[in-house]
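Chemist: One structure coming up, written as structure tokens, with questions to follow.
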Amino acid sequence: MTQAGPARAEHAVDSARGWFVVVGTFFSSFVTLGIAYSFGAFFSDMAEEFGSTRAATAVVFGLTTFAFFWLSLITGRLADRFGPRPVLGVGALFLVVGLLATSRVNSLAAGYVTYGVGVGVAAAAGYIPMVAAVGGWFDRHRATAVGLAVAGIGAGTLVMSPLSAALVERYGWRDTYRLLGVVGAVILLLCVALVDRPPNQAGPQPSRMREALSSAVFRRLQLSALASGLALFVPFVFVGQYAKERGVGSVAAAVLVGVLGGASVLARIGFGSLVRRFGSMPLYRTGFGLIASSFVIWFFAGSSYVALLAFALVLGLGYGGFVALSTIVIAERMGTEGLGSLLGLFYTTQGLGGLIGPLVAGAAIDAFDGYRPVIAACFLLELLALALLQGLPDGNA
């Protein structure tokens, strides 16, 4: 066999090289989304220092989530054209610059820009383009590979939220952001060496956004994801504050978001491994059903920390299922060509949900001086998201 033959085999679909891309994607999403979703650990200190309301402080997270998902339209397309490596390198630069700048802001408004742009661009570079690359590297083992890759988000949330809370208690929120910026950027640069363009996508891939928007199935999936996203990100910002207002310590409160992330790790791997047996769409609906059920637990939790842990566990399982299966659902129905642009378009729904949901929830909590109306609204939104999935074909469309 010639030298070129083994080289091609080593870089073929379902080859060992693809698993290096899985590892790189795991850690890039661990860093970027782990930092973004740990914002609740910084919430009280930033709100107190700047004298801001819940709604105004929640805008920091909302703008970051919005930037992350909407900029994924651009980063996904850039990865289709140039490959994931340069995109992830840019993400590392924005992460360190954004967090170092945030550590020096003197107003919350300045934090909207420095944190929102810095972490938003880093997350947009470190997640969707990398997951799209994983999807292109695998065929037979795609569900397992994607499940392992996106487990990085849950693992990052599990570790980063309580770790950030402990660091903030010891060093303050400004020094914690400096530390996260430098260490996070170094890890992302190491991931650059691991990721690569899929073997069947040697050149630039076409944009398929127009095709997706003309698909009735794709539009229904987007509407469902939007309804879910409006509720999904509310706990990331407010469940820690809810717990602290009921006498739970700051680190223990941050553990709730960590449990959410840990449960999502199990779900991402577990749901992915079950696709061949049950199909992606039935499992996808199950994830939405779990998310809706979790808000029922929160509604009746009161001051019980055990009940709050149960809420975080069930929400994490449902959220992990959504993340693990959305890529598979889209790839099965639309194909893997130009998958970066397809996922970027799909996840704009989560950007809107992350911006609007916590902002409106914060204003409502202030207005009602309580959480239960917001929790009930979240439950109804998740029921709507589940209802929109009914009637969609279980197989490829």
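Chemist: Pick out the one residue from Ala253, Ala216, Ala225 that is more than 21 Å from Gly135 (Cα to Cα), surrounded by 16 or more Cβ atoms within 10 Å (Cβ to Cβ) and among the small types (Gly, Ala, Ser).
Modeler: Exactly one of Ala253, Ala216, Ala225 is more than 21 Å from Gly135 (Cα to Cα), surrounded by 16 or more Cβ atoms within 10 Å (Cβ to Cβ) and among the small types (Gly, Ala, Ser), namely Ala253.
Chemist: Please count how many residues of the range 290-310 are within 22 Å of Gly147 (Cβ to Cβ) and surrounded by fewer than 16 Cβ atoms within 10 Å (Cβ to Cβ).
Modeler: Selection size over the range 290-310: 0.
Chemist: Might you let me know whether the range 264-281 holds any residue that is of a type in the set (Gly, Ala, Ser), touching a helix residue (DSSP H, G or I) at 6+ places or on another chain (Cβ under 8 Å), more than 25 Å from Ala145 (Cβ to Cβ) and part of a helix (DSSP H, G or I)?
Modeler: No, there is no match, as no residue in the range 264-281 is of a type in the set (Gly, Ala, Ser), touching a helix residue (DSSP H, G or I) at 6+ places or on another chain (Cβ under 8 Å), more than 25 Å from Ala145 (Cβ to Cβ) and part of a helix (DSSP H, G or I).
Chemist: A further question on this structure: What are the residues in the range 332-342 that are buried (at least 23 other Cβ atoms within 10 Å of the Cβ) and at pLDDT 80 or above, if any?
Modeler: Matches in the range 332-342: Leu342 only.
Chemist: Now, a different point. If you check Leu389 against the conditions, is it touching a helix residue (DSSP H, G or I) at 6+ places or on another chain (Cβ under 8 Å), under 28 Å from Met130 (Cα atoms) and modelled with pLDDT of 90 or more?
Modeler: In short, yes.
Chemist: Something else about it: So which residues in the range 364-397 are touching a residue at least 24 places away in the same chain (Cβ under 8 Å) and farther than 22 Å from Ser294 by Cα, if there are any at all?
Modeler: Residues satisfying the conditions are Asp366, Leu392, Pro393, Asp394, Gly395, Asn396, Ala397.
Chemist: Looking at the range 1-37, which of its residues are among the polar types (S, T, N, Q), surrounded by 15 or more Cβ atoms within 10 Å (Cβ to Cβ) and modelled with pLDDT under 85?
Modeler: Correct list: Ser15 only.
Chemist: Sticking with this structure for a sec: Residue check, Gly152 against (1) modelled with pLDDT of 90 or more; (2) assigned to a helix (DSSP H, G or I), all met but one. Which one?
Modeler: Among (1) modelled with pLDDT of 90 or more; (2) assigned to a helix (DSSP H, G or I), Gly152 violates only (1).
Chemist: Looking only at the range 156-176, count how many residues are farther than 20 Å from Glu49 by Cβ and either at pLDDT 85 or above or not in a helix (DSSP H, G or I) (or both).
Modeler: 5
Chemist: Sticking with this one: Just to confirm my filter: which helices (runs of 4 or more DSSP H) fall fully inside the range 51-149 and include at least 1 residues that are surrounded by fewer than 19 Cβ atoms within 10 Å (Cβ to Cβ) and out of contact with any helix residue (DSSP H, G or I) (no Cβ under 8 Å at 6 or more places or on another chain)? Give the derivation first.
Modeler: Details: elements: 54-82, 84-102, 108-126, 128-137.
Those helices (runs of 4 or more DSSP H) span 54-82, 108-126.
Chemist: Let me ask something else about it. For the range 290-345, name all the residues that are part of a loop (DSSP other than H, G, I, E, B) and either closer than 30 Å to Arg77 by Cβ or of a type in the set (Asp, Glu) (or both).
Modeler: Here is the first cut: in the range 290-345, the ones part of a loop (DSSP other than H, G, I, E, B) are 300-304, 335-338.
Hits for the range 290-345 are Gly335, Thr336, Glu337, Gly338.
Chemist: Another question, if that's okay. Considering each residue of the range 321-344, count those that are farther than 19 Å from Ile291 by Cα, touching a Gly at 6+ places or on another chain (Cβ under 7 Å) and either without any contact (Cβ under 8 Å) to a residue 40 or more places away in the chain or polar (S, T, N, Q) (or both), and give that number.
Modeler: Selection size over the range 321-344: 2.
Chemist: List the residue pairs whose Cβ atoms are under 8 Å apart, where the first residue sits in the range 84-111 and is without any contact (Cβ under 8 Å) to a residue 24 or more places away in the chain, the second is among the aliphatic types (A, V, I, L, M), and the two are 6 or more positions apart or on different chains.
Modeler: Between residues of the range 84-111 that are without any contact (Cβ under 8 Å) to a residue 24 or more places away in the chain and residues that are among the aliphatic types (A, V, I, L, M), the close pairs are Pro86/Leu78.
Chemist: If you don't mind, there's one more thing I want to ask. Could you check Thr349 against (1) among the polar types (S, T, N, Q); (2) part of a loop (DSSP other than H, G, I, E, B); (3) under 18 Å from Thr65 (Cα atoms) and say which number it fails?
Modeler: Here Thr349 clears every test but (2).
The values are calculated or read from the model by the stated rules, or taken from the named source; none is laboratory data. Keep in mind that what you see is a predicted model, and the values were worked out from it rather than measured. Every residue, glycine as well, gets a Cβ built from its backbone with ideal geometry; the counts of neighbours run over all protein chains shown.
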